[in-house]
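Have a look at the structure below before the remarks.
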Ligand SMILES: *Cc1c(COP(=O)(O)O)cnc(C)c1O
């Protein structure tokens, strides 16, 4: 991680009022602390156990974002402190988050993950499921839906990625949410052009990951 790259990204994002989530999965406490010392406070993680360890060891004013696929039986471990869950992809999961939030006397902010990529392996809701879950969410008092999240296809073809971002922005515009979480290291510039309000950047900040 170099301070120069961080500053460059921060400046790019500031112009458009886009929030940077530094994706720190697999990265060490030291790597995270170095970015923290430059002023970064929003960090994203994919694995519950790793996130809990980092939460315990690192400064308490970090805002932790959960961005990976979340299993229902693990919600309880992150419910006491999680700042925003980006990856809600089903009503049963939402129900569990609501239950655990209530136990912790909190309201947990969530994004709904929408399926926009061509790859079968990706998670997310289709438009119909999205509208159903938004309706259903009104019965839950301890969660707040703040917006949508999506991941574009891993493709060198820029037109495919751009089309997927446009599609997600279109869906986003049908609702009245403040947060659209889209864009990663390889495609964040395009995501911003297409209306993202929150980007999730890992390898560009921290260097390539050796696993995951
Ligand atoms: C790992 C990950 C990222 C960051 O990916 P980079 O290509 O390293 O920027 C963003 N979003 C999600 C959901 C991820 O799992």
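The values are calculated or read from the model by the stated rules, or taken from the named source; none is laboratory data. The structure displayed is predicted, hence computed values, not measured ones. When we count neighbours, we look across all protein chains shown, and the Cβ atoms used for this are built from the backbone with ideal geometry, even at glycine.
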Hey, residue 124 hits all of (1) touching a helix residue (DSSP H, G or I) at 6+ places or on another chain (Cβ under 8 Å); (2) crowded, with 18+ Cβ neighbours inside 10 Å; (3) more than 30 Å from residue 11 (Cα to Cα) but one; which does it fall short on?
(1)
Do you know which residues across the stretch 13-30 are within 13 Å of the ligand (Cβ to nearest atom) and surrounded by fewer than 19 Cβ atoms within 10 Å (Cβ to Cβ)?
26
Restrict the check to the stretch 63-76 and report whether at least one residue is in contact with a strand residue (DSSP E or B) (Cβ under 8 Å, 6 or more places away or on another chain), more than 18 Å from residue 151 (Cβ to Cβ), at pLDDT 95 or above and not in a strand (DSSP E or B).
no
Do we find a residue being closer than 26 Å to residue 90 by Cβ, touching a residue at least 60 places away in the same chain (Cβ under 8 Å) and within 12 Å of the ligand (Cβ to nearest atom) anywhere in the stretch 148-171?
yes
Is it the case that some residue within the stretch 34-42 is within 14 Å of the ligand (Cβ to nearest atom), part of a helix (DSSP H, G or I) and crowded, with 16+ Cβ neighbours inside 10 Å?
yes
Residue 66 vs (1) touching a residue at least 40 places away in the same chain (Cβ under 8 Å); (2) crowded, with 19+ Cβ neighbours inside 10 Å: all pass except (1)
